[in-house]
């Protein structure tokens, strides 16, 4: 094995996802991917390996095209390694987002036209042909970095509505795909608690309902419009008329944040007033909280 001994625990953790010949070539490609600058195609990786790549070059190309291994199992094994070695304590912070990878070929599987959020502006929408991947990552803090690192563990390919209609499959939004990935982690690690952080695209009713069903082990943190209309859950059906779909209205997020700030300011003012009252009382009586000698009367006093 050409990788150093420090990488052996990670490789052995991923070994159950492959057969022995495939795992040998996967380890070689993994080492070459670390050392190869530029595009990490299989041809460039083999060029980096040179004489270390044993066997015919097509056997390395088949690792990604026709070899029998499960990407889902590989992601779950990687998640187990990260949670066991880097995140032994709860809760585990997860981050989710989607990214567009451009592929303009005519025979690219799953290709569609997607909005490019990086090049798009408020007045102009930039489109990109390729794949749209929904990514779920684990947030890890390393001692050599000041910011946390997001390590991807599970990915899923988003299919456009036209492609699903042509293939007669149910359409799944990126939020629904993210719920599937979260469900996999909840089933795989039944004793761990997670906090999922996503942008406004994943702060939907569907993701909120999913996290509410698993509220004992999963917490949702997302962006919400400050003037969003929030309501309590509907009351139980009384048996007459149409059932209600909304409960009593709740304060808007802007109003709730302002009320929280007022409560904090009120509590801080109350604490400061109490501290000032105690200090003035101690100065008037010549005592302190710890007790001591009263200089004005020459007597010993305490609390």
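FYI, it's all coordinate maths here, none of it is from the lab. It should be emphasised that the depicted structure is a prediction, and the values quoted were computed from it without experimental measurement. Glycine gets a Cβ as well: all are built from the backbone with ideal geometry, and neighbour counts include every protein chain shown.
Stretched out straight at 0.36 nm per residue, the stretch from residue 151 to residue 274 would grow longer than its current Cα-Cα span by 39.5 nm.
With the Kirkwood sum run over all distinct C-alpha pairs, region 16-122 has a hydrodynamic radius of 17.1 Å.
Quote to one decimal, in nm, the extra length available between residue 65 and residue 35 on full extension: 0.36 nm per residue of separation minus the C-alpha distance between them. Walk me through the numbers before you get to the answer.
On the way: separation 30, 0.36 × 30 = 10.80 nm, distance 2.23 nm.
That works out to 8.6 nm of additional length.
Over the chain, with a Gaussian network built from C-alpha contacts below 10 Å, which listed residue (236, 251, 37) shows the highest mean-square fluctuation? Comparing 236, 251, 37 in the GNM, the peak value goes to 236. As a rough footprinting exposure proxy, the listed residues 231, 160 were ranked by other beta carbons within 10 Å of their own, and the order from fewest upward is 231, 160. In a solvent-free Debye calculation with one equal scatterer on each Cα, what is log10 I(q)/I(0) for the chain at q = 0.08, 0.09, 0.11, 0.14 Å⁻¹, listed in the order of the q values? Debye output, listed in q order: -0.59, -0.70, -0.92, -1.29. Computed packing ranks the peptides 49-58, 115-124, 69-78 as 69-78, 49-58, 115-124, most packed first, by mean other Cβ atoms within 10 Å. What do you get for the angle between helix 174-188 and the principal long axis of the chain? Use alpha-carbon atoms, 0 to 90 degrees, nearest ten. Once rounded, the angle reads 80 degrees.
Consider all pairwise Cα distances in region 125-165 and report the whole-number % of them above 16 Å.
Values: 471 of 820 pairs.
When all Cα pairs of region 125-165 are counted, 57 percent exceed 16 Å.
Against the empirical curve 2.2 N^0.38 Å, the C-alpha radius of gyration of region 139-239 lands at a ratio of 1.34.
Output needed for region 5-62: three equivalent-ellipsoid semi-axes, defined as square roots of 5 times the C-alpha gyration tensor eigenvalues, in descending order, whole Å.
Those come to 19, 14, 9 Å.
Taking Cα atoms only, the orientation of helix 253-285 departs from the longest principal axis of the chain by about 40 degrees. Once both labels are positioned 7 Å from their Cα atoms along Cα-to-Cβ, the gap between residue 127 and residue 225 label points is 2.6 nm.
Quick one: if the Förster radius is 25 Å, what FRET efficiency do residue 191 and residue 11 give, using the C-beta to C-beta distance and rounding to 0.05?
Values: r = 26 Å, r/R0 = 1.03.
Efficiency, rounded to the nearest 0.05: 0.45.
Based on the Cβ-Cβ distance from residue 263 to residue 86, what FRET efficiency comes out when R0 is 22 Å, to the nearest 0.05?
Working: r = 37 Å, r/R0 = 1.69.
Once the sixth-power term is evaluated, E becomes 0.05.
Each 10 Å bin from zero holds the following percent of Cα-Cα pairs in region 71-223: 10, 36, 34, 17, 3. Measuring r between the beta carbons of residue 242 and residue 160 and using R0 = 35 Å, the FRET efficiency lands at 0.50. Seen against the Cα atoms of the chain and their longest principal axis, helix 20-35 is set at about 70 degrees.
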